[in-house]
Amino acid sequence: MNEAELRQELARLEAEEELVSAQRRNLHQKIDFGYATDGARAHEREISDRRRELHRKIDALRELLGVGDFSAQGEPTLERRFEIGTGDELERLDR
């Protein structure tokens, strides 16, 4: 996958994350205002898991592309470089 395709995938994931975050906020409001059914709580957990996975993929792509502020994290470890390396990055990220 080339850089342009990686950037396009990053933009797609960021847009999806915005939608998932909006769904999560909506569920939190319902739960906070007394509409906390077992189904709503289960759905919130699913949405939260999806949101965390999207954040992980977004962060990995940003790191791979060298965008964003990763200075606090320092250089990625060799294991992390392998995980997000070249070639089939997104297949590894989908695990």
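From the residues in region 17-64 that are free of Cβ contacts under 8 Å to residues at least 24 places away in the same chain and under 11 Å from the mean Cα position of the chain (by Cα), which one is farthest from Glu5 (Cα to Cα)? Out of the qualifying residues, it is Asp49. When we screen Ile58, Ile31 for residues that are modelled with pLDDT of 95 or more, in a helix (DSSP H, G or I), β-branched (Val, Ile, Thr) and surrounded by 13 or more Cβ atoms within 10 Å (Cβ to Cβ), the only hit is Ile58.
A quick yes/no check of all residues on (1) surrounded by 11 or more Cβ atoms within 10 Å (Cβ to Cβ); (2) of a type outside the set (Gly, Ala, Ser); (3) outside any loop (DSSP other than H, G, I, E, B); (4) at pLDDT 85 or above:
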residue: Arg24; (1), (2), (3), (4): yes, yes, yes, yes
residue: Leu27; (1), (2), (3), (4): yes, yes, yes, yes
residue: Gly39; (1), (2), (3), (4): no, no, yes, yes
residue: His43; (1), (2), (3), (4): yes, yes, yes, yes
residue: Val67; (1), (2), (3), (4): yes, yes, no, yes
residue: Arg95; (1), (2), (3), (4): no, yes, no, no
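The values are calculated or read from the model by the stated rules, or taken from the named source; none is laboratory data. Note that the structure is predicted; figures quoted are calculated from it, not measured. Virtual Cβ from ideal backbone geometry, glycine too; neighbours counted across all protein chains shown.
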